[in-house]
1. Which residue, 89, 81, 292, tops the fluctuation ranking in a GNM of the chain built on C-alpha contacts under 10 Å?
2. Rounded to the nearest 20 Debye, what is the dipole magnitude of region 48-266 about its Cα centre when Lys and Arg each give +1 and Asp and Glu each give -1 at the C-beta?
3. Hey, with R₀ at 25 Å, roughly what FRET efficiency would residue 50 and residue 202 work out to, going by the Cβ-Cβ distance, to 0.05?
4. Could you calculate the FRET efficiency of residue 236 with residue 327 from 1/(1 + (r/R0)^6), where r is the beta carbon distance between them and R0 is 51 Å, rounded to 0.05?
5. Report the extension gain between residue 176 and residue 277 in nm, rounded to one decimal, defined as 0.36 nm multiplied by the number of residues separating them, less their alpha carbon distance.
6. What is the antiparallel percent of DSSP beta bridges lying wholly in region 48-266, to the nearest 5?
7. How much length is gained on full extension from residue 128 to residue 217, taking 0.36 nm per residue of separation minus their Cα-Cα distance?
8. Under the Kirkwood approximation applied to all pairs of distinct alpha-carbon atoms, what is the hydrodynamic radius of the chain in Å?
Amino acid sequence: MKIVLAPDKFKNSLTGMEFCDVVETSIKTIRADVEIVKLPLADGGDGTIDVVDYYLKGDIIHIEVNNPFFKTIKASYLYSESSKTAFVEMAEASGVKLLKPEQFDCKNATTFGTGEMIADAIKKGASKIILGVGGSATSDCGIGMASALGFQFLDKDNEQVKPIGANLSKIVSINTCNVNSKLNNIKFEIACDVTNPLFGENGAAFVYAAQKGATQEDIKMLDKGLEDFSKVLKTTFKVDAQLIKGAGAAGGMGIASKVFLNGTLKPGIQLIKNLANFNQQIDGASWIISGEGKLDNQTLSGKTIQGVINSARDKNIKLAVFCGTIDLEKSIVQDLGISYSSSIMDQAFDLDDALANAGQYLEKLAIEFVQKKLM
């Protein structure tokens, strides 16, 4: 019998690999004959770099770059020499995680440091770059990133503007003469899980800017900037930004990665599954066991378990999930195609206990599963 373990992390308690190790040991104590295949997953959020490294087996590259406010910091990305593939998380250089809440000010923030990481990966010899765009502190429509790669954004006096969100409306043209010559030879895949348009009431500014420190006045200014800049993009690249699904991701990095990097926007879980060769690896499995911290309505909108559900259904493989907590009715869980489900919160005294002793409770869940389904 073959069982595939394909979890996401349990935030603040277990990594995906720890989940795999605990469940494998638990199953093997009762059924030593079972073949276990470990395929930890992620959806592009925190911790994705560790999962990517499991498949790429690359090196962590440390470099100095600009943070969102042009201060020098140390950031890192993953690079695999054997596959010439880099994984860059924009949050490393341009993320809210670098700032205290009182420092959030997306109108004056830049993605320049993200561009510096991309430039370094290109210099290393990358032929493929996977870019994760979650957790940004910016709303500059990617002009900072593009500036680091040689694009020049010019105002009415033909002067370069500082690449921040507050200056988007000042841009009247884009000079592409000094763009990194290797850029067109790189395949870019963008882990993007949102579908927001660039501007308007569902756009980057109105939906996300407030949580990045923008006032209502800032939001209106940024939204106008994104709309004004979209006209420059249309003139330069012959693309209608407002028609691109996900253009508003990460303060406009969605459209930026399309026009400046010629990138393909894909859900994060899809990119990780591709790296894992997931749909081939699960062939012949009797069960897939997945899990994440919380199974709820968000799971249905591109999270890891949804990605596993899709593959299990396509291959007609039974799916079990072990989660921290399950906030869905049993009937809904079953309708999703999940044959077996259990949660740590059904065993733990409270949340603190669940977080502190997640491994022990997960062991219990796995043993119960074997006793009920594999004996």
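1. So, out of 89, 81, 292, the one fluctuating most is 81.
2. For this selection, approximately 480 debye.
3. The formula returns an efficiency of 0.15 here.
4. 0.65
5. 32.7 nm
6. Within region 48-266, antiparallel bridges account for around 55 percent of the total.
7. 28.1 nm
8. 21.7 Å
Bear in mind these aren't lab numbers, they're just calculated from the coordinates by the rules spelled out. Note that the structure is predicted; figures quoted are calculated from it, not measured. Ideal geometry is used to build each Cβ from the backbone, glycine not excepted, and the neighbour counts take in all protein chains shown.
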